[in-house]
1. For region 303-323, name all the residues that are in a helix (DSSP H, G or I) and either at positive phi or in contact (Cβ under 8 Å) with a residue 12 or more places away in the chain (or both).
2. Kindly list the number of the only condition in (1) within 15 Å of ligand 1 (Cβ to nearest atom); (2) among the basic types (Lys, Arg); (3) farther than 30 Å from Ile276 by Cβ that fails for Arg143.
3. Mind checking which residues of region 303-329 are within 13 Å of ligand 2 (Cβ to nearest atom), crowded, with 17+ Cβ neighbours inside 10 Å and within 25 Å of Arg143 (Cβ to Cβ)?
4. How many residues are over 31 Å from the mean Cα position of the chain (by Cα) and not hydroxyl-bearing (Ser, Thr, Tyr) if we restrict to region 32-53?
5. Only one of Ala184, Ala239, Ala188 is touching a residue at least 60 places away in the same chain (Cβ under 8 Å) and either of a type outside the set (Val, Ile, Thr) or within 13 Å of ligand 1 (Cβ to nearest atom) (or both); which?
6. Taking region 168-179 as the search range and keeping residues that are surrounded by 12 or more Cβ atoms within 10 Å (Cβ to Cβ) and under 18 Å from Val130 (Cβ atoms), which one is farthest from the chain's Cα centre (by Cα)?
7. Mind checking whether some residue in region 188-205 is farther than 24 Å from Leu122 by Cα, within 16 Å of ligand 2 (Cβ to nearest atom) and in a loop (DSSP other than H, G, I, E, B)?
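All of the numbers you see were taken from the coordinates with simple rules; none came from a lab. Note that the structure is a prediction, hence the values are computed from the model and not measured. Quick reminder, even Gly has a Cβ in these numbers, built from the backbone with ideal geometry, and neighbours come from all protein chains shown.
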Amino acid sequence: MNKPVLLDLFCGAGGAARGYADAGFEVVGVDIAPQPRYPYEFHQANTFSVLVILLSGGTWQGYRLRDIAAMHGSPLCQRFSKMLNHGIGSREKHPDLIEPTRKLFQASGLPYVIENVEGAPLKFQAGQFVRIALDIDGQRVARAFSFVNPPQDPLLEFYGVIVPEGPLSPRLARLRAGDALYVAPNPAGFLVLSEVPDAETLWLVSTGTGLAPFLSLLRTPEPWKRFKNVVVVHAVRYARELAYRELIAGTGAKYVTFVSRENAPRSLAGRIPAAIADGRLEAAAGVALRPENSHVMLCGNPQMLKDAQAALAARGMRKHRRRVPGHITVESFW
Ligand SMILES: Cc1cc2nc3c(=O)[nH]c(=O)nc-3n(C[C@H](O)[C@H](O)[C@H](O)COP(=O)(O)OP(=O)(O)OC[C@H]3O[C@@H](n4cnc5c(N)ncnc54)[C@H](O)[C@@H]3O)c2cc1C
Ligand SMILES: NC(=O)c1ccc[n+]([C@@H]2O[C@H](COP(=O)([O-])OP(=O)(O)OC[C@H]3O[C@@H](n4cnc5c(N)ncnc54)[C@H](OP(=O)(O)O)[C@@H]3O)[C@@H](O)[C@H]2O)c1
């Protein structure tokens, strides 16, 4: 049987190639410079020209796109490298080759790996999460955290609860400036507007830290271009947990809060699903919550997600799927 072919782009002398070959790939290296010591099939060429030929249906060195199983790229990374501080020169002299490479890899539809340097910007969509981790007693403990910052802001911001008996969150809360924190290179998640169909009103409904992904969304232009109304709904146990109030008030969103365990004059009492069912939520927001006009994004406590979906189903709304469009998108935090 033929081995699957892996294109090793910006391959250099073959640093990554050996691992792929050991894993069972037929490795084909491409580099703009001659690589006389590359241990597998090698072609001197510009990576971008090769990808453009393959993506436009052409044949390159006897290969068509359908002959390739996967791609690996190690685009030059001086723009983001810490080595710049050691005499390579200014960042501006070095183009960002990571993004154009990623775009072409994504357009190919093939599985791909991009080798990156620490400090290169993370590419994510507002609403996505990333795994962050600490080494605790010799073990790396990782958990998902939603980005609070919008993608255009390079300073990563997270909004975290402290679960007193949890393995990671109390340790995160004790971090001091300068302590190390691992951030995985692959943000993910479907709580994003590119997965949401058009509607008149977008409802961003959360409990606790489930607000986090919506804070990122609210600070992108998309909701304001696509929806006539944006309603933020945030439920917490105590009024002091209504975080990011000023930020939300500074957007164009309608803002409805729930405080469940004490009296709070400007917030609704009780829980979100009950207020969907009895109409208090629509009344507080001042807009109708119906399948014809609304898309609801839900995030946070898994039981709230279940109960809220049941209340929305009673209004004729169902989960949105790519193949069967609907009105509800959910992300559970545990
Ligand atoms: C897609 C995704 C995105 C997430 N984004 C965030 C985020 O932006 N901010 C955040 O604080 N957490 C977020 N979480 C939860 C986070 O990954 C951890 O579970 C949380 O930080 C607790 O970690 P832990 O190791 O201390 O306890 P864990 O062992 O992870 O959890 C122990 C218990 O704590 C409770 N719990 C977990 N997370 C929360 C929470 N956020 N609020 C209330 N109770 C909770 C649950 O009962 C859970 O069973 C997200 C989870 C997922 C799956
Ligand atoms: N300072 C901190 O770091 C901090 C702050 C808060 C909490 N915590 C810890 O975090 C954990 C809980 O976090 P949390 O308060 O954000 O989460 P939570 O228990 O999900 O509560 C948030 C809101 O969701 C509501 N809710 C719960 N279940 C629901 C359901 N089935 N349907 C609809 N609404 C529902 C709650 O109402 P009810 O009140 O009616 O349950 C509350 O208003 C605990 O371990 C707690 O000790 C830490």
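1. Restricting attention to region 303-323, the residues satisfying the condition of being in a helix (DSSP H, G or I) are 303-313.
Correct list: Met304, Leu305, Asp307, Ala308, Gln309, Ala310, Ala311, Leu312.
2. In the conditions (1) within 15 Å of ligand 1 (Cβ to nearest atom); (2) among the basic types (Lys, Arg); (3) farther than 30 Å from Ile276 by Cβ, Arg143 misses (3) alone.
3. Pass one, region 303-329, residues within 13 Å of ligand 2 (Cβ to nearest atom): 303-312.
Of the ones still in play, those that are also crowded, with 17+ Cβ neighbours inside 10 Å are 304-305, 307-309, 311-312.
Selection gives Met304, Leu305, Asp307, Ala308, Gln309.
4. As a first pass, look at region 32-53 and keep what is over 31 Å from the mean Cα position of the chain (by Cα): 32-45.
Still in the running and not hydroxyl-bearing (Ser, Thr, Tyr): 32-37, 39, 41-45.
Here the count works out to 12.
5. Working: Ala184 fails: touching a residue at least 60 places away in the same chain (Cβ under 8 Å); Ala239 fails: touching a residue at least 60 places away in the same chain (Cβ under 8 Å).
Selected residue: Ala188, the only one of Ala184, Ala239, Ala188 that is touching a residue at least 60 places away in the same chain (Cβ under 8 Å) and either of a type outside the set (Val, Ile, Thr) or within 13 Å of ligand 1 (Cβ to nearest atom) (or both).
6. Of everything passing the filter in region 168-179, Arg171 is farthest from the chain's Cα centre (by Cα).
7. No - not one qualifying residue is present in region 188-205.
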